[in-house]
Amino acid sequence: MLNFDYANPTRIVFGEGSIARLDELVPADARVLVLYGGGSAERNGTLAEVTAALGARTVHRFGGIEPNPTYETLMNAVAQVRRDNIDFLLAVGGGSVIDGTKFVAAAVGYEGEPWQIMETHGKHVAGALPIGCVLTLPATGSEMNCFSVVTRKAIQAKFGFSSPHVFPRFSVLDPVKTYTLPPRQIANGAVDAFVHVMEQYLTRPAAAPVQDRYAEGLLQTLIEVGPQALAEPENYAVRANLMWAATQALNGLIGAGVPQDWATHMIGHEITALHGLDHAQTLAIVLPALLNERRAPKRAKLLQYAARVWNIRDGDEDARIDAAIARTREFFESLGVRTRLSGYGIGADAIDRIVAQLEAHGMTALGEHGDIDLATSRRILEASL
């Protein structure tokens, strides 16, 4: 096991009706800005419930944060925070809203041009406004981590940053709030969480059986509850376990002390920035092709994954690896998430631009070994057509 330093200060308040506890979680004298995405939070009553729970506090709203939150929109929120003297941010939504809120929290007091936060991946963030979350879409784990991803439309770039200053103080998780989500968002959430686990698990052996078996349990849970969540949208137990699995997938615990490979995400970010696909759609496209391309350095963990997660134990080693990769692709497809670029109308002529963006953004040594260069990324994309 590798050395690690793990801390997670986010308080989780989980269960039906837990939004009512905002009154005890948010400081009584706070000037609150509630940030949210589209109109669903208003239509389904969640915003009204949040406002009621906040009681007599001064509450302002900022809506319209996109599924891939944009710098341009978020800077309008920064301006509102400054104009209205906001001192507490409350994100109501899924990972995109929470990611955007983290950027706003860091940008308000940042010395310099705020896009530098993304360009330097949060290296110089010295502080941030406090954040709370009301999670309505299980997917990214952003409700319990210090990571954020933001898109800048003007330059077609999607960057991530991290800073301990943007850990949410608390996150409220009410599985009932997921009942009205469209099937596409539930499917995306299951795929996103699954790939988060894979990128921390399917690298190379690190003598870390605790992390391995924790990750394998999360993968098996997602394989079980993902389809159930689509088939039974108001099954509380299913939605609760999907929500909690997605949170556990990226709260830092299963990645502590083990090598990680975020190449699927980095390549996927460029596809989203250039073609506007949902984040999870890009992950479902890239991961199967990446696993096949990297089958030699990942061989031991691929065989472990085949046996422990999919119970594939018969046949020679290469056949077992082939079967495990095929089952992974089939799982994504079973959720209605297509796993080929061609399924989204993207052809071979798009690959040069994606690779050029990877190069422009310094994504030239990806993977747990730092050896996924541009030529390797190109082969992965070609295999994803």
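Nothing in this text is a laboratory measurement; each read-out follows from the coordinates by a stated rule. Model, not experiment: these values are computed from the prediction. Note that we place each Cβ from the backbone using ideal geometry, even for glycine, and neighbour counts take in every protein chain shown.
Summary table below
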{"read-out": "Spatially close lysines, pair count over the chain: Cα under 24 Å, gap of eight or more or interchain", "value": "6"}
{"read-out": "Cβ-Cβ FRET estimate between Glu333 and Arg379, R0 fixed at 25 Å, reported to 0.05", "value": "0.70"}
{"read-out": "Normalised contact order of the stretch 182-383, rounded percent, pairs of Cα under 8 Å and 6 or more residues apart", "value": "26 percent"}
{"read-out": "GluC sites (Glu not before Pro) within the stretch 46-147: DSSP coil, no more than 12 neighbouring Cβ in 10 Å", "value": "Glu111"}
{"read-out": "Cα Rg, Dmax, the stretch 162-281, angstrom units", "value": "15.1, 42"}
{"read-out": "Loop GluC sites (Glu not before Pro), the stretch 216-266 (other Cβ atoms within 10 Å of the site Cβ: 15 or fewer; DSSP)", "value": "Glu234"}
{"read-out": "Projected area averaged over orientations for the stretch 11-177, convex hull of C-alpha atoms, nm²", "value": "8.6 nm²"}
{"read-out": "Residue-by-residue Karplus 3J(HN,Hα) for the stretch 191-200, coefficients 6.51, -1.76, 1.60, Hz, glycine and proline x", "value": "5, 4, 4, 4, 5, 4, 5, 4, 6, 9"}
{"read-out": "Ratio Rg/Rh, restricted to the chain and using Cα atoms, in which Rh is the Kirkwood radius", "value": "0.96"}
{"read-out": "Within the chain, longest stretch clear of exposed trypsin sites (Lys or Arg not before Pro) (DSSP loop, no more than 12 other Cβ within 10 Å)", "value": "124-312"}
{"read-out": "Of Leu283, Leu242, Leu291, the one that fluctuates the most in a GNM where the chain has Cα springs shorter than 10 Å", "value": "Leu291"}
{"read-out": "Top positive-direction residue, dipole computed over the chain with Cβ charges, set Leu290, Thr203, Pro9", "value": "Pro9"}
{"read-out": "Calculated from backbone phi, Karplus (6.51, -1.76, 1.60) coupling profile of the stretch 11-17 in Hz, x at Gly/Pro", "value": "8, 9, 10, 10, x, 4, x"}
{"read-out": "5 angstrom amide H check on Gly94, placed H, neighbours 5+ away", "value": "Thr136, Leu137"}
{"read-out": "Alpha-carbon gyration tensor eigenvalues x 5, square-rooted, for the stretch 220-360, Å", "value": "25, 21, 16"}
{"read-out": "Amide H within-cut-off set for Phe14, under 5 Å, with H built and near neighbours excluded", "value": "Leu173"}
{"read-out": "Integer Hz, Karplus 6.51/-1.76/1.60 couplings in order for the stretch 327-334, x for Gly and Pro", "value": "5, 5, 4, 4, 4, 4, 5, 5"}
{"read-out": "Cut-off under 5 Å, modelled amide H: who pairs with His60 long-range", "value": "Val32, Leu33, Val34"}
{"read-out": "Among Ala229, Ala56, Ala289: highest mean-square fluctuation, GNM of the chain, C-alpha pairs under 10 Å", "value": "Ala56"}
{"read-out": "The chain: most fluctuating residue of Asp322, Asp349, Asp84 per GNM, C-alpha cutoff 10 Å", "value": "Asp349"}
